[in-house]
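The values are calculated or read from the model by the stated rules, or taken from the named source; none is laboratory data. What you are looking at is a predicted structure, and each value in this text was computed from that prediction instead of being measured. Because the Cβ atoms are built from the backbone with ideal geometry, glycine has one as well, and the counts that use them run over all protein chains shown. The area values use the complete protein model at the heavy-atom level, side chains included, leaving out ligands, DNA and RNA. Shrake-Rupley method; radii C 1.70, N 1.55, O 1.52, S 1.80 Å.
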Amino acid sequence: MVFDTDREKLEMLRDTFSPRSPYHLKFYMPMAVTMAEMNRSESELHSGLISLTDEKAICYTDTIRKAILEERAQLDPERGMMIRYGKDDSLNAKVLSYQFDAEAREGKLWGIAECELKEPLNGGEMNQLTNHIIVQVTADFGFLFEQRKLETAGGNSIHAAFRSFDRSWTLQTEQERFAPAVLPESCYSILPSTGEIMCIKRGENCYYPCDWEEGEESRNRMFV
């Protein structure tokens, strides 16, 4: 591909690497599933719930997802759980919607809060969003959902909770949960004092000159 100007090349690169809009953000949380055997009285069922292993819990992913979608059908179709946020602030403006779901991944059943954003969140807004999701999981949507008895094809009933009721429970983004960030071996930046391109290597408290120096800061920045 031939470019007439550097500006055309830069615009092509921006189009290639610009994120999708709206932005998508997924939070993951470990779910807990309990089962009550059939042919018992209600009092025995309540006291005899059995916690399922991860291997057994993921067998009921479809049953749990179906129940979650039924609950979601009662919410605002456009904003989902954000309709319950109730504040007129920057978070409310940036988050178009979020919905709960469930997914089997890496041998475990996960609860999901899937969000659509108008634009990325800053650190404070991210904290606000995670706090709101946790409240919904523990005291609103999730609390009511875990009380619901879900009938299985085998004749038993299960209860599914978006929280695992132990200290290991966390709410994390998909990146944090499954692909923790690793610094690259090296990267490029601009030396503030001169505008030259510099190479920074992981673990080294210094920088190196770059062979691709353009001799002009604006061109260097385009390269970086």
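State the number of residues belonging to the stretch 90-117 that are loosely packed, with under 14 Cβ neighbours inside 10 Å and either in a strand (DSSP E or B) or without any contact (Cβ under 8 Å) to a residue 12 or more places away in the chain (or both).
Count: 0.
Out of the residues in the stretch 147-171 meeting the condition of being of a type outside the set (A, V, I, L, M, F, W, C), touching a Ser or Thr at 6+ places or on another chain (Cβ under 9 Å) and not in a loop (DSSP other than H, G, I, E, B), tell me which one is farthest from SER51 (Cα to Cα).
GLU151
Exactly one condition in (1) surrounded by fewer than 16 Cβ atoms within 10 Å (Cβ to Cβ); (2) out of contact with any helix residue (DSSP H, G or I) (no Cβ under 7 Å at 6 or more places or on another chain); (3) modelled with pLDDT under 90; (4) not charged (D, E, K, R) is not met by MET198; state its number.
Among (1) surrounded by fewer than 16 Cβ atoms within 10 Å (Cβ to Cβ); (2) out of contact with any helix residue (DSSP H, G or I) (no Cβ under 7 Å at 6 or more places or on another chain); (3) modelled with pLDDT under 90; (4) not charged (D, E, K, R), MET198 violates only (1).
Name the single residue that is nearest to GLN172 (Cα to Cα) among those in the stretch 121-133 being touching a residue at least 12 places away in the same chain (Cβ under 8 Å) and within 13 Å of the chain's Cα centre (by Cα).
Per the criteria, the residue is THR130.
Quick check on my filter: what residues within the stretch 43-89 are assigned to a loop (DSSP other than H, G, I, E, B) and surrounded by 13 or more Cβ atoms within 10 Å (Cβ to Cβ)?
Scanning the stretch 43-89 gives GLY48, LEU49, LEU52, LEU75, ARG79, TYR85.
Just the residues that are among the hydroxyl-bearing types (Ser, Thr, Tyr) and touching a strand residue (DSSP E or B) at 6+ places or on another chain (Cβ under 6 Å), please, taken from the stretch 190-224.
TYR207, TYR208
Can you say whether GLY123 is out of contact with any Lys or Arg (no Cβ under 6 Å at 6 or more places or on another chain), surrounded by fewer than 12 Cβ atoms within 10 Å (Cβ to Cβ) and more than 22 Å from MET31 (Cα to Cα), as far as the supplied structure shows?
Taking the combined requirement at face value, the residue satisfies it.
Looking at the stretch 210-218, can you tell me whether even one residue there is part of a loop (DSSP other than H, G, I, E, B), polar (S, T, N, Q) and over 30 Å from LEU25 (Cα atoms)?
No, there is no match, as no residue in the stretch 210-218 is part of a loop (DSSP other than H, G, I, E, B), polar (S, T, N, Q) and over 30 Å from LEU25 (Cα atoms).
I need every pair where a residue in the stretch 197-224 that is over 12 Å from CYS187 (Cα atoms) has its Cβ under 7 Å from the Cβ of a residue that is modelled with pLDDT of 80 or more and in a loop (DSSP other than H, G, I, E, B), sequence separation at least 6 or different chains.
Within 7 Å, the pairs are GLU213/GLU196; GLU217/GLY195; ASN220/GLY195; ASN220/GLU196.
Take the stretch 163-195 and flag every residue that is open to solvent by 50 Å² or more (accessible area, probe 1.4 Å) and of a type in the set (S, T, N, Q).
Within the stretch 163-195, SER168, THR170, GLN172, GLN175, SER186, SER193, THR194 meet the criteria.
Go through the stretch 172-193 and report how many residues are among the β-branched types (Val, Ile, Thr), in contact (Cβ under 8 Å) with a residue 12 or more places away in the chain and either part of a loop (DSSP other than H, G, I, E, B) or in contact with a helix residue (DSSP H, G or I) (Cβ under 8 Å, 6 or more places away or on another chain) (or both).
1
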